[in-house]
Amino acid sequence: MLEKLLHPKEFAELAGVPLATVYKWNHEGTGPIVIRVGRHVRYRPSDVDAWIENRATVGMKTTSPSEQRRPVLDRRGESSGGL
């Protein structure tokens, strides 16, 4: 079943961060998987949930941004190789 895709502003509200932070994560490739619909960026709620779960840490241990890079998918769900 298709999920309603989230707009970057909706994702920012869910994550509790400024919209500029969401755009920064997109640029760095460290946010959740991005779906491009034409020139618009959207997110699947399941990808956002998975990304948040993956970010959960015990204590202050974190991984480097290069270890957290994610693919960018086009509207067919195929990888476009990056932003």
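Quick notes on this one:
- The stretch 36-48 residues that are surrounded by 14 or more Cβ atoms within 10 Å (Cβ to Cβ), paired with ones that are of a type in the set (D, E, K, R) (beta carbon under 7 Å, 6 or more apart): ARG36/ASP74; ARG36/ARG75; ARG44/GLU3; PRO45/GLU3
- Condition met for GLU3 (over 11 Å from the mean Cα position of the chain (by Cα) and in a helix (DSSP H, G or I)): no
Read-outs: derived from the displayed coordinates by stated rules, not from any lab. Remember, predicted model here, so these are calculated numbers, not experimental data. Quick reminder, even Gly has a Cβ in these numbers, built from the backbone with ideal geometry, and neighbours come from all protein chains shown.
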